[in-house]
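Student: One structure, as structure tokens, below. Some questions next.
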Amino acid sequence: MNSDFLNYQAQTTPHPLGMEVSHAEGSFIFTKDGNRHLDFVAGVSACGLGHRHPKVIEAIKKQLDKYMHVMVYGEYIQTPAVEFTKLLAKHLPESLSQTYLVNSGTEAIDGAMKLARRATGRSQIIAARNCYHGNSYGALSLMDYEERIAPFRPLVGDITHIQFNQETCLDVITKNTAAVILETIQGGAGFIMPTHNYLKKVKQRCDEVGALLILDEIQPGFGRTGKLFGFEHFEVVPDILVIGKAMASGLPVGAFTASKALMSLLSDKPKLGHITTFGGNPVIAAACQATLEVLTTSKIIEGVEKKEKLFRELLQHELISEIRGKGLMLAPMLQSEDIANHLVLQAKEKGLILFWLLYEKKAVRISPPLTISEEEIALGCGIIIDILNDYDKLTTTE
Ligand SMILES: Cc1ncc(COP(=O)(O)O)c(C=O)c1O
């Protein structure tokens with residue numbers, strides 16, 4: 001592995017995948033060793049339109065020729081941010097009309113937590129067990145993964161955990177609760193879908209006690225589940241929607257959206273309730289605008305369901321016990337953690353990019369670009385099945 005990468009760039013794990021990237025296009029990443037890799041991960045759901053979508057590149061280049069950073073968020077009128085937030089409002093329910101643009105998903109989560117506390121005057125925030133909302137202190141404090149949080153205490157206070165999908169926990173939500181924050185589909189936990197109108201029931205309970213429902217759509221948002229936003233499947237509208245990842249097709253971004261009345265609380269008592277230098281950056285906002293225009297004027301989102309079906313048909317194997325998730329956010333569950341590891345690492349050798357999930361070690365992540373073709377899906381699934389067949393042979397001859 002490139003020693004400068006290991007020596008100079010701070011690391012997140014002792015064993016990074018370490019592919020040295022040359023360039024990327026559509027559904028493929030090309031490495032400096034001359035190999036191409038079919039991308040079934042899309043930068044962990046961030047490249048919904050694939051790599052270097054021409055409309056996004058065009059919008060970025062156009063904006064680069066006009067201006068980049070000119071002022072901190074919220075002072076000057078910068079057309080890309082205005083046009084993007086206006087277009088987003090057009091595609092969201094009326095109550096989600098104002099968007100605060102920030103730099104990452106985790107910052108958007110922190111902003112949503114602050115807004116909920118400011119709006120309700122309450123401090124308790126309820127999150128789900130095995131949630132993942134990011135790594136800044138606010139978002140990290142929502143986690144209940146002891147090994148990951150223990151060295152960083154003290155965390156942000158007054159966080160309570162409930163079991164996702166368990167209705168008996170709903171009476172934990174009371175008049176002391178500022179907000180309940182949930183991933184619409186739990187990601188790191190293993191692509192867990194809400195069942196039995198769970199989200200609707202949580203929203204009802206929140207309404208009863210005056211708490212806010214925050215939905216984290218950072219991963220399911222922007223078409224990944226076959227609708228523009230995941231919550232559209234579940235007859236629920238959150239009070240605060242948190243988005244990011246695929247929103248700018250591969251540039252760093254996050255945002256939280258709420259009603260104008262709610263959002264106004266961040267500019268009053270205190271004013272400057274949340275501020276950021278680069279949030280709403282014009283180049284990134286131009287990429288967001290182009291991404292949303294492509295998604296809402298093409299058949300890409302409509303095509304997601306058919307592609308999901310194809311994955312499910314092609315990934316039938318005795319070592320796969322089930323395939324969790326929705327749309328192009330799919331997690332085949334292997335019989336063991338070892339098989340899941342073997343699959344991810346062998347796939348890398350055979351030119352297919354797969355990845356792990358944060359908590360569910362038997363799962364393998366499949367979150368390809370939404371633009372992936374049926375031929376590419378067949379190619380990648382063929383590699384997966386070959387690896388699993390070989391694994392079968394390996395273990396039966398042992
Ligand atoms: C559901 C969810 N929330 C929040 C985040 C944090 O986003 P970011 O890494 O942009 O801070 C992620 C990132 O993986 C995520 O999947």
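The values are calculated or read from the model by the stated rules, or taken from the named source; none is laboratory data. Just so we're clear, the structure is a prediction, and the values are computed from it rather than from any experiment. So basically every Cβ, Gly included, is an ideal-geometry build from the backbone, and we count neighbours across all protein chains shown.
Student: Yes or no: residue 290 more than 16 Å from the ligand (Cβ to nearest atom), buried (at least 22 other Cβ atoms within 10 Å of the Cβ) and farther than 22 Å from residue 75 by Cβ?
Tutor: Numbers: more than 16 Å from the ligand (Cβ to nearest atom): yes; buried (at least 22 other Cβ atoms within 10 Å of the Cβ): yes; farther than 22 Å from residue 75 by Cβ: yes.
Judged against the criteria, residue 290 is a match.
Student: Which of the following residues is closer than 30 Å to residue 86 by Cβ and of a type in the set (Gly, Ala, Ser): 331, 287, 340?
Tutor: Values: 331 fails: closer than 30 Å to residue 86 by Cβ; 340 fails: closer than 30 Å to residue 86 by Cβ.
Going through 331, 287, 340 in turn, the sole match is 287.
Student: Taking residue 277 as the residue in question, decide whether it is of a type in the set (S, T, N, Q), in contact with a Gly (Cβ under 7 Å, 6 or more places away or on another chain), more than 17 Å from residue 112 (Cα to Cα) and modelled with pLDDT of 95 or more.
Tutor: Taking the combined requirement at face value, the residue does not satisfy it.
Student: Looking only at the stretch 1-30, filter to residues that are polar (S, T, N, Q) and touching a strand residue (DSSP E or B) at 6+ places or on another chain (Cβ under 6 Å); which one of those is surrounded by the fewest Cβ atoms within 10 Å (Cβ to Cβ)?
Tutor: Quick first cut of the stretch 1-30, residues polar (S, T, N, Q) only: 2-3, 7, 9, 11-13, 22, 27.
Next, from what is left, pick out any that are touching a strand residue (DSSP E or B) at 6+ places or on another chain (Cβ under 6 Å): 22, 27.
Working: 22: 13, 27: 25.
Applying the filter and picking the extreme gives 22.
Student: Taking the residues in the stretch 230-245 that are closer than 14 Å to residue 255 by Cα and either of a type in the set (A, V, I, L, M, F, W, C) or modelled with pLDDT under 95 (or both) as candidates, determine which candidate is nearest to the chain's Cα centre (by Cα).
Tutor: Residue satisfying both the conditions and the ranking: 243.
Student: Return yes when residue 178 is over 26 Å from residue 285 (Cβ atoms), surrounded by 20 or more Cβ atoms within 10 Å (Cβ to Cβ), more than 16 Å from the ligand (Cβ to nearest atom) and aliphatic (A, V, I, L, M) and no when it is not. Spell out the reasoning first.
Tutor: On the way: over 26 Å from residue 285 (Cβ atoms): yes; surrounded by 20 or more Cβ atoms within 10 Å (Cβ to Cβ): yes; more than 16 Å from the ligand (Cβ to nearest atom): yes; aliphatic (A, V, I, L, M): yes.
So residue 178 passes the test.
Student: Could you tell me whether the stretch 369-376 includes any residue that is of a type in the set (Gly, Ala, Ser) and more than 20 Å from residue 48 (Cα to Cα)? Show your work before the answer.
Tutor: The initial filter retains those residues of the stretch 369-376 that are of a type in the set (Gly, Ala, Ser), namely 373.
Going one step further and asking which of them are more than 20 Å from residue 48 (Cα to Cα), we end up with none.
The answer is no; no qualifying residue exists.
Student: Something else now. Take residue 10 and tell me if it is within 16 Å of the ligand (Cβ to nearest atom) and at negative phi. Let's see the steps before the verdict.
Tutor: On the way: within 16 Å of the ligand (Cβ to nearest atom): yes; at negative phi: yes.
Judged against the criteria, residue 10 is a match.
Student: Starting from the stretch 180-195, take each residue that is within 15 Å of residue 144 (Cα to Cα) and list its partners that are near the ligand (Cβ under 10 Å from one of its atoms) and of a type in the set (Val, Ile, Thr), counting only C-beta distances under 9 angstrom and pairs at least six apart or across chains.
Tutor: 181/109; 181/242; 183/218; 187/218
Student: Next question, about the same structure. Do we find a residue being more than 11 Å from the ligand (Cβ to nearest atom), more than 21 Å from residue 175 (Cα to Cα), in contact with a helix residue (DSSP H, G or I) (Cβ under 7 Å, 6 or more places away or on another chain) and aliphatic (A, V, I, L, M) anywhere in the stretch 147-154? Before the answer, list the steps.
Tutor: Within the stretch 147-154, the first condition is being more than 11 Å from the ligand (Cβ to nearest atom), and the residues that meet it are 147-154.
Of the ones still in play, those that are also more than 21 Å from residue 175 (Cα to Cα) are 147-154.
Imposing the further condition that a residue be in contact with a helix residue (DSSP H, G or I) (Cβ under 7 Å, 6 or more places away or on another chain) reduces the set to 149, 152.
Imposing the further condition that a residue be aliphatic (A, V, I, L, M) reduces the set to 149.
Scanning the stretch 147-154 turns up at least one residue that is more than 11 Å from the ligand (Cβ to nearest atom), more than 21 Å from residue 175 (Cα to Cα), in contact with a helix residue (DSSP H, G or I) (Cβ under 7 Å, 6 or more places away or on another chain) and aliphatic (A, V, I, L, M).
Student: Residues in the stretch 352-374: is at least one over 24 Å from the mean Cα position of the chain (by Cα) and modelled with pLDDT of 95 or more? Spell out the reasoning first.
Tutor: First, pick out the residues of the stretch 352-374 that are over 24 Å from the mean Cα position of the chain (by Cα): none.
The answer is no, given that none of the residues of the stretch 352-374 is over 24 Å from the mean Cα position of the chain (by Cα) and modelled with pLDDT of 95 or more.
Student: Would you kindly identify the helices (runs of 4 or more DSSP H) lying entirely within the stretch 44-134 that contain at least 1 residues that are within 16 Å of the ligand (Cβ to nearest atom) and not charged (D, E, K, R)? Quick ask: steps written out before the conclusion?
Tutor: Values: elements: 54-64, 79-90, 105-120.
Helices (runs of 4 or more DSSP H) meeting the threshold: 105-120.
Student: Oh, and also: Considering only residues that are crowded, with 24+ Cβ neighbours inside 10 Å, within 11 Å of the ligand (Cβ to nearest atom) and of a type outside the set (Val, Ile, Thr), which ones fall in the stretch 225-254?
Tutor: Selection gives 230, 244, 245, 246, 247, 248, 254.
Student: Just checking, which of 149, 162 is without any contact (Cβ under 8 Å) to a residue 24 or more places away in the chain and over 23 Å from residue 222 (Cβ atoms)? Reasoning before the result, please.
Tutor: Details: 162 fails: without any contact (Cβ under 8 Å) to a residue 24 or more places away in the chain.
149 is the lone residue from the list that is without any contact (Cβ under 8 Å) to a residue 24 or more places away in the chain and over 23 Å from residue 222 (Cβ atoms).
Student: Any idea how many residues of the stretch 249-272 are within 18 Å of residue 106 (Cα to Cα) and at pLDDT below 95?
Tutor: Selection size over the stretch 249-272: 0.
Student: Further question: Can you pull out the residues in the stretch 195-220 that are surrounded by fewer than 24 Cβ atoms within 10 Å (Cβ to Cβ) and either within 9 Å of the ligand (Cβ to nearest atom) or part of a loop (DSSP other than H, G, I, E, B) (or both)?
Tutor: Scanning the stretch 195-220 gives 195, 196, 197, 210.
Student: If I go through the stretch 363-389 residue by residue, how many of them are free of Cβ contacts under 8 Å to residues at least 40 places away in the same chain and of a type in the set (D, E, K, R)?
Tutor: The number of residues fulfilling the criteria is 2.
Student: Has the stretch 298-307 got any residue that is of a type outside the set (A, V, I, L, M, F, W, C), in contact with a Ser or Thr (Cβ under 8 Å, 6 or more places away or on another chain) and part of a loop (DSSP other than H, G, I, E, B)?
Tutor: In the first step, residues of the stretch 298-307 are kept if they are of a type outside the set (A, V, I, L, M, F, W, C); the result is 298-299, 302-303, 305-307.
This time we only want the ones that are in contact with a Ser or Thr (Cβ under 8 Å, 6 or more places away or on another chain), so: none.
No; the residues of the stretch 298-307 include none that is of a type outside the set (A, V, I, L, M, F, W, C), in contact with a Ser or Thr (Cβ under 8 Å, 6 or more places away or on another chain) and part of a loop (DSSP other than H, G, I, E, B).
Student: Considering (1) surrounded by 15 or more Cβ atoms within 10 Å (Cβ to Cβ); (2) of a type in the set (A, V, I, L, M, F, W, C); (3) more than 16 Å from the ligand (Cβ to nearest atom), say which one residue 159 fails and leave the rest.
Tutor: Exception for residue 159: condition (3).
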